[in-house]
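Here's the structure we're looking at; comments come further down.
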Amino acid sequence: MALLDNNKLILPLSSIAELLSAKVRTLKMYEEKGLFPKEDGKIKKLYSINDIKLISFVYYLASVKKINANGIKYILDMLENNMDEKNRHDFLELVEKKMELLSGVDVKDVEIF
């Protein structure tokens, strides 16, 4: 049996919205603001497991912590440019564990972003 490839593009945004109990339009709005991973500078049609973790982090920041797009971009930039791979991985694992405690009911969609 082959190991799971977390970088393989597998899910469309509509499926990710369903997993997060979010509205597709909300995620598309975040995508249009440049908060999601891009492929060769273009918006992706499919996302990987690693992308989904980042998308759920963005959704958490926007809907639970009420951080605006500029704040989220700043946080993502800090993660990307100021943390080594191990610290970034450890930090995102910690955030993922915290997000697992939230239910879809606890998180309300933010339509005005």
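The values are calculated or read from the model by the stated rules, or taken from the named source; none is laboratory data. Note that the structure is a prediction, hence the values are computed from the model and not measured. Quick reminder, even Gly has a Cβ in these numbers, built from the backbone with ideal geometry, and neighbours come from all protein chains shown.
List of remarks:
- Every residue from segment 76-100 that is of a type outside the set (D, E, K, R) and at pLDDT below 80: 99
- For segment 76-88, a residue qualifies if it is loosely packed, with under 13 Cβ neighbours inside 10 Å and not basic (Lys, Arg), and the qualifying residues are 77, 78, 80, 81, 82, 84, 85, 87.
- Pairs meeting the criteria (first residue in segment 23-46 and touching a residue at least 40 places away in the same chain (Cβ under 8 Å) and closer than 14 Å to residue 72 by Cα, second residue assigned to a helix (DSSP H, G or I) and among the small types (Gly, Ala, Ser), beta carbons under 6 Å, at least 6 apart or on different chains) are 33/69.
- Residue pairs whose Cβ atoms lie under 9 Å apart, separated by 6 or more positions or on different chains, with the first residue in segment 1-21 and in a helix (DSSP H, G or I) and the second among the charged types (D, E, K, R) and modelled with pLDDT under 90, are 13/44.
- Residues being crowded, with 19+ Cβ neighbours inside 10 Å and part of a helix (DSSP H, G or I) - total across segment 32-51: 1
- Within segment 72-85, residues that are in contact (Cβ under 8 Å) with a residue 24 or more places away in the chain reach partners that are in a helix (DSSP H, G or I) with beta carbons closer than 6 Å, at six or more positions or on different chains, in the pairs 72/58; 72/61.
- Screening segment 1-19 for residues that are touching a helix residue (DSSP H, G or I) at 6+ places or on another chain (Cβ under 7 Å) and at pLDDT 90 or above and picking the one that is surrounded by the fewest Cβ atoms within 10 Å (Cβ to Cβ) gives 14.
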